[in-house]
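Sharing a structure with you now.
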Amino acid sequence: MSDLIAYVVTGLGLGAGYALVGSGLVAIYRVTGVVNFAQGAFAVVAAMLTSTLLAAGLPHVLSETLAVVVAAGAGVLVGLIATGEPGAALIVTLGVGVFAYAVEIVLWGDQPRSFGGLPGVLTVGDARIQAHYLLILAVTVPVFAGLALFFGRTDLGKALTACASNRYAARVVGINVRRMGLLAFALGGALGGLAGVLTTPVQQVTFDSDVTLIVNGFAAAVLGGLTRPGVALAGGLLLGVAQTLIAGFGGGAYQLEVALLLMLTVMVIQATRAGSLVGATR
Amino acid sequence: MGAALRVTGASRSFGGVYAVREVDLTVEPGELRAVIGPNGAGKSTLFALIGGQLAVDSGTVVLDGRRIDRLAVHRRGKLGIGVVFQAARIFPGMTALENVMVGAHGTTRAGFVTAALRLPRFRAEERAIEARAWECLARTGIEEWADRPAETLPLGQQRALQLARALCGRPRLLLLDEPASGLRSGERKRLAALLGELRREGLTMLLIEHDVGFVMRLADRVTVLDLGRVIADGTPEQVRADSTVIDAYLGEAVT
């Protein structure tokens with residue numbers, strides 16, 4: 001029983017990270033129609049940068065905030081490259097993701113890095129849970145609430161959504177579609193960066209951590225047809241818990257496979273129901 | 001008050017064939033101008049040259065003394081050009097009310113930070129936009145569809161939705177591409193009444209229409225295009241009596 005609680009809380013923490021990466025994918029896809037495969041790199045860059053800043057003596061919160069801002073800037077950069085050439089965006093983001101490896105290795109080396117998070121251990125029953133997992137959740141949930149409010153209730157959020165819905169008509173009502181796309185990339189970068197700085201204290205980061213993040217994040221996002229952040233959150237949490245339960249009671253080697261299987265299942269089901277992915281790109 | 005539109009010597013060709021050739025067109029503030037002509041006369045091309053969907057090869061488009069022919073579509077939208085397309089170009093996946101609210105985007109002042117933090121100034125602006133969106137839905141007669149996803153509206157209501165969206169942006173020049181085509185007669189009457197009302201409020205409008213009877217009753221002046229050129233320009237009565245127009249387009253059907 002105590003194991004179960006520990007696994008669930010750990011899974012929720014990991015899942016929140018997936019959900020954040022996934023919501024970054026959603027933010028970008030909703031506005032630009034681009035599936036950003038460089039999304040995981042934002043998390044890696046932000047996490048690596050945070051470790052450097054902390055080592056340089058900057059305090060927590062400030063370090064993490066700076067790293068997230070830099071990740072947002074990286075998002076704009078990727079957006080500039082990816083939205084320049086219509087049709088090639090998917091390959092461009094893949095290429096940027098691989099290029100990011102080189103940059104990361106040059107700047108931070110190829111060894112795993114980590115940094116301390118929220119210290120302390122909570123005891124629930126006889127389960128011992130690192131307090132940092134709760135911090136991850138405490139940050140992620142309000143962020144998602146904010147995202148939902150932003151997209152659903154603000155003029156800017158509606159303008160962003162309108163870009164994805166009908167670019168032609170969006171231009172006519174005075175929306176600068178390209179600028180909105182870059183804004184979405186900035187938002188996606190910040191969300192990816194947030195995932196990186198939040199989850200690294202409990203699971204360290206290497207230059208190729210982005211693969212795990214992007215696969216799981218995509219699996220979470222695809223549940224909501226890549227357009228609904230709320231569903232991406234539910235999907236991410238579900239995925240995180242499923243993985244820790246399988247790792248805990250089965251074997252730890254199958255975590256990525258679980259995500260892939262879930263993603264494929266969802267996509268097959270959606271495809272047979274005439275596909276919300278296709279529907280959303282109209 | 002509506003804006004003044006002046007198109008001078010506008011030409012646009014596709015693969016060496018002129019769709020619009022040396023067109024001059026002056027629309028006074030508050031005027032309802034109709035542009036008519038047979039299929040292929042260049043009406044839709046002229047419309048796109050003003051709205052910005054197409055660029056002129058030569059010539060100028062001037063709105064209230066400001067050249068706009070090199071501006072991007074969204075810049076023209078911000079300057080107060082509202083557009084109602086022939087096809088219902090709506091925002092699927094958003095409700096009718098949201099569709100109309102997006103129309104006000106070009107008029108908003110709040111930036112990203114104020115929006116994200118939901119500062120008071122931003123919230124006041126949001127409330128004002130929503131109130132105006134409801135007004136526009138009411139004027140176009142589709143209030144009861146407000147909360148429905150836009151793509152589920154019947155075609156006539158989708159067309160009305162486009163008009164409501166354009167009005168929510170407080171346009172100074174409204175471009176309408178065959179707004180009456182495909183509408184049932186009741187809807188057509190309502191549209192005519194609304195356009196008349198907007199004209200009395202001083203909005204400048206440019207109406208492209210196939211249905212000659214519809215525009216002759218509404219328009220202050222009528223411009224007739226044929227093969228990309230202006231062949232007549234005047235009051236509905238003058239145009240109706242013009243022999244070139246009768247030969248080119250109207251035939252004996254119009255009396």
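No value in this document is a laboratory result; all are computed from the given coordinates. Because the structure is a prediction, the values reported are computed rather than measured. All Cβ positions, glycine included, derive from the backbone under ideal geometry; neighbour counts span all protein chains shown.
For the range A:2-281, what's the relative contact order in percent, using C-alpha pairs closer than 8 Å and at least 6 residues apart? Provide the component values of the computation, followed by the final result.
Working: 490 pairs, mean separation 108.3, N = 280.
About 39 percent, as a whole number.
Need one value for B:100-108: mean number of C-beta atoms belonging to other chains within 10 Å of its residues' C-beta atoms. Walk me through the numbers on the way to the answer.
Values: counts 1, 4, 13, 5, 5, 11, 6, 3, 5.
Across the residues of B:100-108, the mean count of other-chain Cβ atoms within 10 Å is 6.
Residues with beta-carbon under 15 Å from that of A:Ile105, excluding A:Ile105: net charge, scoring Lys, Arg +1 and Asp, Glu -1? Write down the numbers at each step before the final one.
Working: positive: A:Arg113; negative: A:Glu104, A:Asp110, A:Asp208, A:Asp210.
Its environment carries a net charge of -3.
Between rounded, prolate and oblate, where does the range B:28-91 land on the alpha carbon gyration tensor, with a ≥ b ≥ c its root eigenvalues, rounded for a/c under 1.5, else prolate if a/b exceeds b/c?
Note, shape of the range B:28-91 comes out rounded.
Ranking B:Leu198, A:Leu137 by Cβ neighbours within 10 Å, fewest first, what do you get? Don't jump to the answer; show the numbers that get you there.
Details: B:Leu198 20, A:Leu137 16.
Going from least to most buried by this count: A:Leu137, B:Leu198.
For A:Leu58, B:Leu97, what's the fewest-to-most ordering of other Cβ within 10 Å of each Cβ?
In increasing order of surrounding Cβ atoms, one gets A:Leu58, B:Leu97.
Take the alpha-carbon centre of the range A:188-250, take the same for the range A:83-137, and report the distance between them in whole Å.
Comparing the Cα centres of the range A:188-250 and the range A:83-137, I get a distance of 10 Å.
With N denoting the number of residues in the range B:176-255, provide Rg(C-alpha) divided by 2.2 N^0.38 Å, to two decimal places.
Numbers: Rg = 13.1 Å, N = 80, 2.2 N^0.38 = 11.6 Å.
With N residues counted in the range B:176-255, Rg over 2.2 N^0.38 Å equals 1.12.
Still on this structure, please answer the following. Using 5 Å bins from zero, what percent of all Cα-Cα pairs in chain A falls into each bin?
All Cα pairs considered, the percentages come to 1, 6, 12, 18, 19, 17, 13, 8, 4, 2, 1, 0, 0.
Compute the angle between helix B:120-139 and the longest alpha-carbon principal axis of chain B, please, reported from 0 to 90 degrees and rounded to the nearest 10.
That helix lies at roughly 50 degrees to the long axis.
Label the range B:87-238 by shape, choosing from rounded, prolate and oblate, from the square roots a ≥ b ≥ c of the eigenvalues of the Cα gyration tensor; if a/c is under 1.5 it is rounded, and otherwise prolate applies when a/b is larger than b/c, oblate when it is not. Provide the component values of the computation, followed by the final result.
Values: a/c = 2.42, a/b = 1.80, b/c = 1.34.
Since a/c reaches 1.5 and a/b is larger than b/c, the shape of the range B:87-238 is classed as prolate.
Of all the Cα-Cα pairs you can form in chain B, what percent are over 22 Å apart? Write down the numbers at each step before the final one.
Numbers: 18051 of 32385 pairs.
Looking at chain B, the distances longer than 22 Å represent 56 percent of pairs.
Helix-only mean residue ellipticity at 222 nm, chain A, DSSP H runs n ≥ 4 weighted -39,500 (n - 2.57), per residue, nearest 500. What is it?
Values: 12 runs with 216 residues, N = 282.
Computed ellipticity for chain A at 222 nm equals -26000 deg cm²/dmol.
Oh, and also: If you count, for each residue, the other Cβ atoms within 10 Å and average over each peptide, how do A:145-152, A:74-81 line up from highest to lowest? All intermediate terms of the calculation are to be shown ahead of the outcome.
On the way: A:145-152: 16.5, A:74-81: 22.1.
Peptide ranking by packing, descending: A:74-81, A:145-152.
Would you mind ranking A:Arg128, A:Arg228, B:Arg170, B:Arg76 so that the residue whose beta carbon has the fewest other beta carbons within 10 Å leads the list?
With the fewest neighbours first, A:Arg128, A:Arg228, B:Arg170, B:Arg76 line up as A:Arg128, B:Arg170, A:Arg228, B:Arg76.
Among bridges DSSP assigns within the protein assembly as shown, what percent are antiparallel (round to 5)? Let's see the in-between values first.
Values: 25 of 42 bridges.
Of the beta bridges lying entirely in the protein assembly as shown, close to 60 percent run antiparallel.
Rounded to whole Å, give me the distance from the Cα center of the range A:141-156 to that of the range B:1-40.
43
On a C-alpha basis, how far is the centre of the range B:138-212 from the centre of the range A:1-47 in Å? Whole number, if you could?
Taking the Cα centre of each part, the range B:138-212 and the range A:1-47 sit 44 Å apart.
Whole number please: convex hull volume per residue, Cα atoms of the protein assembly as shown, in Å³. Please list the in-between numbers first.
Numbers: hull volume 93.7 nm³, N = 537.
That works out to 174 Å³ per residue.
Just check the range A:1-111 against the gyration tensor rule for me: Cα atoms, a ≥ b ≥ c as the square roots of the eigenvalues, rounded for a/c under 1.5, and otherwise prolate or oblate depending on whether a/b exceeds b/c. Please report the intermediate quantities before stating the final value.
On the way: a/c = 2.07, a/b = 1.29, b/c = 1.60.
The shape class here is oblate.
Within 10 Å of each Cβ of A:123-131, how many other protein chain Cβ atoms are there on average?
Working: counts 0, 0, 0, 0, 0, 0, 0, 0, 0.
Per residue, the average neighbour count from other chains is 0.
Also: Would you work out which of B:Thr108, B:Ala128, B:Thr45 lies farthest towards the positive end of the dipole of the range B:1-143? Charges go on Cβ: Lys and Arg +1, Asp and Glu -1.
Value: B:Thr108.
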